[in-house]
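Below is one structure; the comments refer to it alone.
The values are calculated or read from the model by the stated rules, or taken from the named source; none is laboratory data. For clarity, every value in this text was computed on a predicted model and none was experimentally measured. Here Cβ is always computed from backbone atoms with ideal geometry, including for glycine, and neighbour counts include all displayed protein chains. When the accessible area is computed, the model is the full protein with side chains, heavy atoms only, and any ligands, DNA or RNA have been set aside. Shrake-Rupley method; radii C 1.70, N 1.55, O 1.52, S 1.80 Å.
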Amino acid sequence: MSEIHDAIERASWETFTKEPPKTLKGQIGYLLKQLGSAKAVAAELGVTADSVNRYRRGARKHPPKDIAAKIDGAVRQRWQPLVRKRRRKQAAVTGGITVETRARFGYTAPVGTTDDGRFRRLTVHLPPAYAQRLFDARDAGASDQEMRGIIAEGFKDVYFQDGGSRAMGLSDVVINDIDYLDLGY
């Protein structure tokens with residue numbers, strides 16, 4: 001997964017109205033309820049059905065770190081899907097999306113101005129149209145570069161050109177060398 005895909009996933013986790021199960025037994029119990037059988041859970045996690053049953057009974061309490069991460073990810077992916085879907089729709093229709101990042105921004109600018117890329121720490125609220133484009137791109141399996149392009153275009157419109165009131169000669173904003181990126185909606 002890419003940085004932007006991960007950021008969207010983290011942002012969707014923040015919309016939970018009730019925390020997902022934290023204990024191993026609770027998580028395995030939830031996955032068994034969702035997927036129907038120990039065999040299905042085992043296939044999802046890449047372990048044996050016997051391991052799933054040992055986790056469920058409490059006979060095995062400490063899975064390897066990579067398996068524990070898979071269990072947590074599988075639970076979070078299935079936890080409160082309607083709440084996450086409703087929050088995502090709200091961001092795409094009325095709320096927009098907030099992007100916080102520290103990255104190198106470069107752009108094409110008119111002659112006589114500087115177009116050297118430099119690191120900036122920005123927190124910018126992008127309008128709902130950009131949130132919708134970002135969600136649609138993610139659902140369509142867009143690459144990290146394509147999703148960066150959508151965010152860069154939003155930064156160009158909202159931050160650099162201030163909605164059309166300045167820097168009108170600026171074109172082709174590019175995001176490179178992302179130090180960190182976080183999304184909120």
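Relative to the longest principal axis of the Cα atoms of the chain, the long axis of helix 81-90 makes an angle of roughly 10 degrees. Taking the longest Cα principal axis of the chain as reference, the axis of helix 3-13 is set at about 60 degrees.
Each residue of segment 61-73 was assigned a 3J(HN,Hα) from its phi angle through the Karplus curve 6.51 cos²θ - 1.76 cosθ + 1.60 (θ = phi - 60°); the sequence is 10, 10, x, x, 4, 5, 6, 4, 5, 5, 4, 4, x Hz, with glycine and proline shown as x.
Within a Cβ distance under 12 Å of GLU14, other residues only, what is the Lys/Arg minus Asp/Glu net charge?
Values: positive: ARG10, ARG76, ARG84, ARG87, ARG88; negative: GLU9, GLU19, ASP182.
Charge balance near GLU14 sits at +2.
Between GLU146 and ALA59, the FRET efficiency estimated from the beta carbon spacing at R0 = 35 angstrom works out to 0.15. Taking the chain as the region of interest, the number of lysine pairs whose Cα atoms are within less than 25 Å, with members eight or more places apart or on different chains, is 27.
Find the relative contact order for segment 2-135 and round it to a whole percent, using C-alpha pairs within less than 8 Å whose residues are 6+ positions apart. If you can, show how the numbers build up before the last one.
Values: 134 pairs, mean separation 27.8, N = 134.
So the answer I get is 21 percent.
Using 0.36 nm per residue and subtracting the Cα-Cα separation, the extra length available between LYS89 and GLU153 on full extension is 20.9 nm. Taking the Cα centre of the chain as origin and assigning +1 to Lys and Arg Cβ atoms and -1 to Asp and Glu Cβ atoms, the resulting dipole is close to 1460 debye.
Over segment 1-55, average the accessible area per residue using a 1.4 Å probe and give it in Å², no decimals.
Values: 2920 Å² over 55 residues.
About 53 Å² of surface per residue is accessible.
Relative to the longest principal axis of the Cα atoms of the chain, the long axis of helix 144-155 lies at roughly 50 degrees.
Over all other residues within a Cβ to Cβ distance under 12 Å of THR23, the charged ones net out to +2, with Lys and Arg as +1 and Asp and Glu as -1.
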